[in-house]
Amino acid sequence: MSTSTYAVPNATWPNYEIAGEAQYEDAIRPLLGRLTKDQDRELHTEATLIPEPDNPYDANAVSVRISGAVVGYLTRDDARVFAPVLHRLAASGVTAVVPARVWGVVRDNWEGTGTRFHANVRVALPDPHLIVPLNEGPKEPYSILPWGSGLQVTGEEKHFDVLAPFAGRADRSLLLVTLHRGSEEKVRGGQREFIEVRVRGQRVGEMSTQSSRHYFALVDHHAARGLTVAAWAQVKGSALAAEVVLQAAKASEVDNAYLQGAPVTMPRLVESAGRYDVPAAYSGPAPQPKRERATPDAARSAAAKPAAAAAKSGCALVAVGLLSVGGGFLTAVHHLLS
């Protein structure tokens, strides 16, 4: 299966501390370079989250890897929470990529006999239900804008029929929307231009005149490249009403690497299910076989066996000795008994 990467949206700051860094010092120290005593260093980079269904210690285990090397694991509790969505991504041939913070310092050890390296690794993750959108990307060629600060969409109440399938599933849900130029005649004449927001090709609202100005250039730039502008949005509501908040970087916030690079698209995922066919990924050492500890009764039984065997052997020797005395002795005994 070919593998693609997926930059998890809304992963903005490293809020989850991972476990087991002490066991992966050989992978972490090179990331920070040479450190002298009491010197600490911090690195902001990207990490991949790799589910390990074949992990011999925890089937929900999720390793955190930087430059292909394991630097730790999500804690057991966090792995259990994030496993379903990360398993879905892995079963789709997709690797989740998140921002990471690596920190390390060299200090005197507790024994006072030398120094010791200490490390802390954190990764950025949103709530599990905000990692992938509820809908697929548009059918036409498109590119997703980087995540940005929230801007309220207006007029959603007129299009609740389109939003209803996505509202009320959680406190918030993630959607992939598209942005389009729109215009209408003003009451006093002239044209009002705005950005129209659509889901699955259907209108769900629009941006205010002021907010729309931040996206006209982006829509025009993408159109010149034969692309539709897609963006992340969050929807919250109930069976009665919903509101949409656009989470898209503005024209002044998008860098040239995005504008000139390949389109950013949402990978196609397998259908949501209770269980997924996740490829094996564990690369750690094989678990050591457990040594069974003998119970007190078993220990006494084991000690008694040699003694019993010795006693049995002694009886056998006595019997052999008696038989070897000769027939005369046995004959004498027979006369006495008779």
* Structure fact -> Within the stretch 247-265, of all residues that are of a type in the set (Gly, Ala, Ser) and in a helix (DSSP H, G or I), the one farthest from Ala233 (Cα to Cα) is Ala257
* Is it the case that the stretch 51-70 has a residue that's of a type in the set (Ser, Thr, Tyr), crowded, with 18+ Cβ neighbours inside 10 Å and part of a loop (DSSP other than H, G, I, E, B)? -> no
* To do: Determine if the stretch 177-185 includes at least one residue that is of a type in the set (Ser, Thr, Tyr), on the phi < 0 side of the Ramachandran plot and surrounded by 20 or more Cβ atoms within 10 Å (Cβ to Cβ).
  => yes
* Structure fact -> Residues of the stretch 73-96 being buried (at least 21 other Cβ atoms within 10 Å of the Cβ) and part of a strand (DSSP E or B), in sequence order, are Tyr73, Val94, Ala96
* What about Ala27, is it in a helix (DSSP H, G or I) and either under 13 Å from the mean Cα position of the chain (by Cα) or not β-branched (Val, Ile, Thr) (or both)? -> yes
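Residues are listed down the side, and each one gets a yes or a no for (1) in a loop (DSSP other than H, G, I, E, B); (2) more than 22 Å from the chain's Cα centre (by Cα); (3) within 29 Å of Tyr24 (Cβ to Cβ):
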residue: Thr113; (1), (2), (3): yes, yes, yes
residue: Arg116; (1), (2), (3): no, yes, yes
residue: His129; (1), (2), (3): no, no, no
residue: Lys139; (1), (2), (3): yes, yes, no
residue: Leu151; (1), (2), (3): no, yes, no
residue: Lys158; (1), (2), (3): no, yes, no
residue: Val162; (1), (2), (3): no, yes, no
residue: Pro165; (1), (2), (3): no, yes, no
* Have a look at Ala11, Ala47 and point out the one that is within 14 Å of the chain's Cα centre (by Cα), closer than 28 Å to Leu269 by Cβ and modelled with pLDDT under 95. => Ala11
* To do: For the stretch 167-177, enumerate the residues that are part of a strand (DSSP E or B) and hydrophobic (A, V, I, L, M, F, W, C).
  => Leu174, Leu175, Leu176, Val177
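Quick one: count up the residues across the stretch 215-233 that are touching a helix residue (DSSP H, G or I) at 6+ places or on another chain (Cβ under 6 Å) and not in a helix (DSSP H, G or I).
Keep residues of the stretch 215-233 that are touching a helix residue (DSSP H, G or I) at 6+ places or on another chain (Cβ under 6 Å), which gives 217-218, 229.
Those still in the list that are not in a helix (DSSP H, G or I) too: 229.
The number of residues fulfilling the criteria is 1.
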* Asked: Could we say that Val264 is surrounded by fewer than 16 Cβ atoms within 10 Å (Cβ to Cβ), aliphatic (A, V, I, L, M) and in contact with a strand residue (DSSP E or B) (Cβ under 9 Å, 6 or more places away or on another chain) here?
  -> yes
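Tell me which residues, restricted to the stretch 186-243, are exposed (fewer than 15 other Cβ atoms within 10 Å of the Cβ) and in contact with a strand residue (DSSP E or B) (Cβ under 9 Å, 6 or more places away or on another chain).
Once the filter is applied, which keeps residues that are exposed (fewer than 15 other Cβ atoms within 10 Å of the Cβ) and in contact with a strand residue (DSSP E or B) (Cβ under 9 Å, 6 or more places away or on another chain), the stretch 186-243 yields Lys186, Gln191, Arg192, Glu193, Gly201, Ser208, Thr209, Asp220, Ala223, Arg225.
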* Out of the stretch 1-48, which residues are under 22 Å from Leu86 (Cβ atoms), free of Cβ contacts under 8 Å to residues at least 60 places away in the same chain and acidic (Asp, Glu)? -> Glu46
* Hey, can you tell me all the residues within the stretch 69-115 that are closer than 27 Å to Pro146 by Cβ and either free of Cβ contacts under 8 Å to residues at least 12 places away in the same chain or among the polar types (S, T, N, Q) (or both)? => Ser92, Thr95
* Residue in the stretch 97-111 that is farthest from Glu271 (Cα to Cα), counting only those that are touching a Ser or Thr at 6+ places or on another chain (Cβ under 7 Å) and part of a strand (DSSP E or B) -> Asp108
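The values are calculated or read from the model by the stated rules, or taken from the named source; none is laboratory data. These numbers come from a predicted model, not from an experiment. Note that we place each Cβ from the backbone using ideal geometry, even for glycine, and neighbour counts take in every protein chain shown.
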